[in-house]
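Right, one structure below, let's go through it.
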Amino acid sequence: MAGRSCISNLIDTLDYVGSCLDSGGHIDMIYMDMSKAFDKVDHEVLIRKLQKDYGFGGNILRWFRCYLENRKQRVTVLGATSDPLPVKSGVPQGSILGPALFLLYVNDLPSNVKSSRVAMFADDTKVFKAIQSPNDAVKLQEDITNLGIWSSQSGLQFNEAKCKSKMQLSY
C-alpha cells in the first residue's frame, strides 16, 4: 500500500491493541517470519498470479517471464569462481523490481485470514485477535492453520524458530 511503512504498521497494531486493552480485553498475537522468502518465490506461481490476479497479459507478461527465467549465478571464494548455475526461484535481490514482485506474490496472504487481523511488512507477518471467549482462540487457530495451507501452496515456508506468540493481558 502506498504511503505505508514499518512505522505505520506498528502504529496501526498498537492502536488496535491499546483499544482492546482499554476495554478490558486481551490480545493474542503471533509473529511469523518466512524462511528465505525472497529466494523461494516460485516463478510459475508468480507469473500465474500476475496474469490471474493482476490482469497482466501479452507482451508485458512475456517480459516478466523473460526477466525471471534463464538467470544464472556464480560464486567467487578466495579468487576461485564456480561455473554459472541456473536460478530456478526467487526474485532478483538488489533490483528495483524484486521487492515489488515479492509483494505481488504475497499480497493474497491476508485474504486467507478470516477472523483475525493481519499486519505485514516484507516477509514479516503479525496475526492478532482480541480474545474474549474460547471460540475467539479457536478462530485465531483456524486463521493460523489457513496461513499454513497458504504457505504450502505458495512455496514459502514460515520459519518456526522465528515464529513467536504473545498474549497481552494489560499495560
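The values are calculated or read from the model by the stated rules, or taken from the named source; none is laboratory data. Just so we're clear, the structure is a prediction, and the values are computed from it rather than from any experiment. With ideal geometry, Cβ positions are generated from the backbone for all residues, glycine too; neighbour counts draw on all protein chains shown.
Note on the range 24-52: residues that are out of contact with any Leu (no Cβ under 8 Å at 6 or more places or on another chain), of a type outside the set (A, V, I, L, M) and touching a residue at least 12 places away in the same chain (Cβ under 8 Å) total 6. Among the residues in the range 140-148, are any over 30 Å from GLY18 (Cα atoms), of a type outside the set (Phe, Trp, Tyr) and modelled with pLDDT of 90 or more? Scanning the range 140-148 turns up no residue that is over 30 Å from GLY18 (Cα atoms), of a type outside the set (Phe, Trp, Tyr) and modelled with pLDDT of 90 or more.
Could you say whether any residue in the range 66-77 is surrounded by 10 or more Cβ atoms within 10 Å (Cβ to Cβ), touching a His at 6+ places or on another chain (Cβ under 9 Å) and either under 26 Å from ILE149 (Cα atoms) or without any contact (Cβ under 8 Å) to a residue 60 or more places away in the chain (or both)? Checking the range 66-77: at least one residue is surrounded by 10 or more Cβ atoms within 10 Å (Cβ to Cβ), touching a His at 6+ places or on another chain (Cβ under 9 Å) and either under 26 Å from ILE149 (Cα atoms) or without any contact (Cβ under 8 Å) to a residue 60 or more places away in the chain (or both). Screening VAL118 on (1) touching a strand residue (DSSP E or B) at 6+ places or on another chain (Cβ under 6 Å); (2) over 23 Å from LEU46 (Cβ atoms); (3) of a type outside the set (S, T, N, Q) shows it passes everything except condition (2). Could you please let me know if LYS40 is basic (Lys, Arg) and either more than 23 Å from ASP124 (Cβ to Cβ) or touching a Phe, Trp or Tyr at 6+ places or on another chain (Cβ under 9 Å) (or both)? No.
Residues in the range 96-131 that are touching a helix residue (DSSP H, G or I) at 6+ places or on another chain (Cβ under 7 Å), free of Cβ contacts under 8 Å to residues at least 60 places away in the same chain and not in a helix (DSSP H, G or I) were compared, and the one that is surrounded by the most Cβ atoms within 10 Å (Cβ to Cβ) is SER116.
Among the residues of the range 30-65, those that are farther than 17 Å from SER95 by Cα, over 17 Å from the mean Cα position of the chain (by Cα), surrounded by fewer than 17 Cβ atoms within 10 Å (Cβ to Cβ) and not small (Gly, Ala, Ser) comprise GLU44, ARG48, GLN51, LYS52, TYR54, ASN59, ILE60, LEU61, ARG62. Is it the case that the range 151-166 has a residue that's crowded, with 16+ Cβ neighbours inside 10 Å, touching a helix residue (DSSP H, G or I) at 6+ places or on another chain (Cβ under 6 Å) and more than 21 Å from LYS36 (Cα to Cα)? No: zero hits.
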